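Pasting a structure below so you can have a look.
The values are calculated or read from the model by the stated rules, or taken from the named source; none is laboratory data. Keep in mind that what you see is a predicted model, and the values were worked out from it rather than measured. Reconstructed Cβ throughout: ideal geometry from the backbone, glycine too, with neighbour counts over all protein chains shown.
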Amino acid sequence: MLQAIRDKAQGWIAWAIVILISVPFALWGIQEYLGVGGETEVAQVAGQPITEQALEEQTRQSREALRANLGSAYRAELFPESMLRAQTLDRMIDERVLQATAADWQMRASDQMVIDATRAEPAFQNNGRFDNELYKLVLRNNAMSQSAYDASVRQGLTLRQLQQGIAGSAFATGHQVDRYQALRDQRRTLSYAVVPADKFVAGISPDDAEIAAYYDANQVRFQVPERVKLDYLLLDVATLAGQVKVEPNAVEAWFAQHRDEFVAPEERHLRHILITASGDDAKAQAKAKALRAKLADGADFATLAKAESADPGSAGKGGDLGWVSRGMMVETFEQAAFDLNKGDISEPVKSPFGYHIIQLEDVRGGGDADFAQVADKATAAYRKAEAERLFFERAERLAELAYESPDNLEQPADALGLAIRHSDWLDRSGGSGDLASPKVTAAAFSDDVLVQGHNSEMLELGPEKLLVLRVAEHQQTRVRPLAEVRDQVVMALRTTQAAQAAKQAGEQALDSIKTAADLEQAAAQHGWGWHAAVTTSRDQTDVPAALRDRAFSMPHPEKGAAVMAGTELATGDYAVIALIGVQDGDPAKLDDTARKLLASQIASLQGSLDMASLVKALRQEADVTISLNTAPPSDAE
């Protein structure tokens, strides 16, 4: 049961709830909520259409969200367009059904709620405050009226009320908390034998008919994904820096204007003794003067600071403040400290904290830079500065030229003196090096670049690197011919048949094995791997995951007996399990804080399940018509 709850919490139900909670406050796709007449319909919900355009826009946003969330782990082949499109339509239908339900239940968001939500939207804020001009600008840039945006916000707030009303009403009883704790921390003791698949590989020799049949049934495993070769122009500061011609006079002139950049700021190593006034300024001043007199007579500054200074941060270190530069201290203290010569001790200096006696230990930095001493650094800095200037000049020109000549890169390359670079094949999983950015993959496989054949927009790969690309070659997804992958097919077929043989051997052994001792004897007889009396929990990784999951789904053994079962492992091996004992977790170990947290987690999960059940029931009762050839996946068909 517990594993089923966990599976539900991590599966489509959880995703559905997340989507419902975050019904868009976004600025795109509002038309799909409000309906647009005269367009192709893909579905109707309670008489309200979902248009092809709305579905395409929402599907695109779903893919972009996946790409952004997964980053380098994103693999387009894991999210086929047909699957993503069907899932998106399914979600849109659920949203429409909930909208209709909220309307039937007379739920709505007030004008003040809409205003508050709009003012809290980060996209409309400037320095943490709502900016009305920014609000209007963002809406205008996204071709959206204020009334349309208000409608989307109101709709989102209403659906949130519905979701919170259902999911937020769930609660957990004390018995549920105890039972969940007992199951969550449960430990099981088992022995198991592993029937290795590789023992059977040598005896397997598939014939041509088996090879052909396996190839035909598993062609997706032998596909070459859709891929492209790219031509591209790369503009980066590092390359431009190497092309900058360096004239000595120019470097010296540049150095003269940037001399301060080659001089470390002056820092002073200080000690001080602080005497606080505590309401009696004259007394504090008198004490400071007395301490200054002791120092003049030869008293050790560090020793006196430890004994007399009121600064808790430095007193224990003999008044040591470390290295201090201008701007770090209050003005009167800083002025006195930077007027001292090395080794000097100041007269008492008043600040808002009291009276200070300051000693200057050492000085570093400051002074004036000599070109001869920093010529190499100055030359490198000059190259970088010139390269950055050229970079910004050429970046603007590159964007213009790539747009003005959308069907080639030769013209912008010639105009800017850039070399056209050529990539190897890359698919939707991304390239490498300069082409590793998800921006490159998104642009290369976009409709404008891949289908229309245009140059991409200028892509910013970093603060000092830009790229424009176009597709040079394109190959659709294809299945490699059998002759090309025959060895792979044979290997896969032998591996599959060996796993089947290992499973068959394990299942045959189960027919005669009744105890852990019988299992140990069979393992020794057949040369299987043997593991005796392993105690594990649901979260431990000391046993294979499939074996652990199977063990926690087995019934409790009777006292003095064992429960037997088998399971296939991810390696192709087969495990035969003898479950020996079960020990529940102890709810008494939960303190009040942990118990409340666990109750909250159980209630949240139960609320999510309740909401999912409501959505399913509403879908079954709703008037839903789907026009797509392939209906979206749903439990509510």
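If you check GLY572 against the conditions, is it surrounded by 12 or more Cβ atoms within 10 Å (Cβ to Cβ), of a type outside the set (S, T, N, Q) and on the phi > 0 side of the Ramachandran plot?
Here the answer is yes, as GLY572 does meet what is asked.
Also, quick follow-up: Looking at the range 92-115, can you tell me whether even one residue there is under 26 Å from the mean Cα position of the chain (by Cα) and β-branched (Val, Ile, Thr)?
No; the residues of the range 92-115 include none that is under 26 Å from the mean Cα position of the chain (by Cα) and β-branched (Val, Ile, Thr).
Then there is this: Taking LEU70 as the residue in question, decide whether it is surrounded by fewer than 16 Cβ atoms within 10 Å (Cβ to Cβ) and part of a helix (DSSP H, G or I).
Yes; evaluated as a whole, the condition is true for this residue.
Given the structure, is ALA509 in contact with a helix residue (DSSP H, G or I) (Cβ under 9 Å, 6 or more places away or on another chain), in contact (Cβ under 8 Å) with a residue 12 or more places away in the chain and on the phi > 0 side of the Ramachandran plot?
The answer is no for ALA509.
Condition first: charged (D, E, K, R), farther than 28 Å from ALA76 by Cα and surrounded by 13 or more Cβ atoms within 10 Å (Cβ to Cβ). Now tell me which residues in the range 206-225 satisfy that.
Passing the criteria: only GLU210.
Would it be correct to say that ARG548 is surrounded by 16 or more Cβ atoms within 10 Å (Cβ to Cβ), among the basic types (Lys, Arg) and under 30 Å from VAL97 (Cα atoms)?
no
While we're here: Which residue, of SER456, SER437, SER405, is free of Cβ contacts under 8 Å to residues at least 60 places away in the same chain, assigned by TED's automatic domain parsing to the domain that holds VAL471 and in contact with a Pro (Cβ under 7 Å, 6 or more places away or on another chain)?
SER405
Among the residues of the range 297-314 satisfying the criterion of being free of Cβ contacts under 8 Å to residues at least 24 places away in the same chain and hydrophobic (A, V, I, L, M, F, W, C), which is surrounded by the most Cβ atoms within 10 Å (Cβ to Cβ)?
ALA299
Scanning for something at pLDDT below 95, out of contact with any strand residue (DSSP E or B) (no Cβ under 8 Å at 6 or more places or on another chain), part of a loop (DSSP other than H, G, I, E, B) and not small (Gly, Ala, Ser), does the range 221-238 turn up at least one residue?
No: zero hits.
Still on this model: I'm checking my understanding of the structure. Among residues of the range 111-164 that are among the hydroxyl-bearing types (Ser, Thr, Tyr) and within 26 Å of SER608 (Cα to Cα), which one is surrounded by the most Cβ atoms within 10 Å (Cβ to Cβ)?
SER152
Okay, next question. When the range 165-178 is examined, which residues are found to be surrounded by fewer than 17 Cβ atoms within 10 Å (Cβ to Cβ) and within 30 Å of ALA551 (Cβ to Cβ)?
Within the range 165-178, THR173, GLY174, HIS175, GLN176 meet the criteria.
Right, here's the next one. Can you name every residue in the range 315-360 that is part of a loop (DSSP other than H, G, I, E, B) and either among the small types (Gly, Ala, Ser) or not assigned by TED's automatic domain parsing to the domain that holds LEU291 (or both)?
GLY318, GLY319, GLY327, GLY343, SER346
Collect the residues in the range 415-435 that are surrounded by fewer than 18 Cβ atoms within 10 Å (Cβ to Cβ) and either more than 15 Å from ASP231 (Cβ to Cβ) or not charged (D, E, K, R) (or both), keeping them in residue-number order.
Passing the criteria: ALA415, LEU416, GLY417, ALA419, ILE420, HIS422, TRP425, SER429, SER432, GLY433.
Let me ask something else. Please enumerate the residues belonging to the range 67-86 that are over 22 Å from LEU618 (Cβ atoms) and modelled with pLDDT of 85 or more.
MET83, LEU84, ARG85 - these are the residues of the range 67-86 that are over 22 Å from LEU618 (Cβ atoms) and modelled with pLDDT of 85 or more.
A further question on this structure: So if I check each of ASP111, ASP104, which one is in the same structural domain as ALA46 (by TED's automatic domain parsing) and either touching an Asp or Glu at 6+ places or on another chain (Cβ under 8 Å) or at pLDDT 90 or above (or both)?
Within the list ASP111, ASP104, the selection yields ASP111.
What is the one condition in (1) under 18 Å from TYR574 (Cα atoms); (2) part of a strand (DSSP E or B); (3) polar (S, T, N, Q) that THR536 does not satisfy?
Tallying (1) under 18 Å from TYR574 (Cα atoms); (2) part of a strand (DSSP E or B); (3) polar (S, T, N, Q), THR536 fails exactly one: (1).
Next up: Looking for whichever is in contact with a Lys or Arg (Cβ under 9 Å, 6 or more places away or on another chain), at pLDDT 80 or above, assigned to a helix (DSSP H, G or I) and farther than 18 Å from ARG154 by Cβ here; the options are LEU89, LEU55. Which one fits?
LEU55
Specify the residue that is surrounded by the most Cβ atoms within 10 Å (Cβ to Cβ); the eligible residues are those in the range 480-526 that are of a type in the set (Lys, Arg) and either under 30 Å from VAL220 (Cβ atoms) or not assigned by TED's automatic domain parsing to the domain that holds LYS199 (or both).
Within the range 480-526, the match that is surrounded by the most Cβ atoms within 10 Å (Cβ to Cβ) is LYS503.
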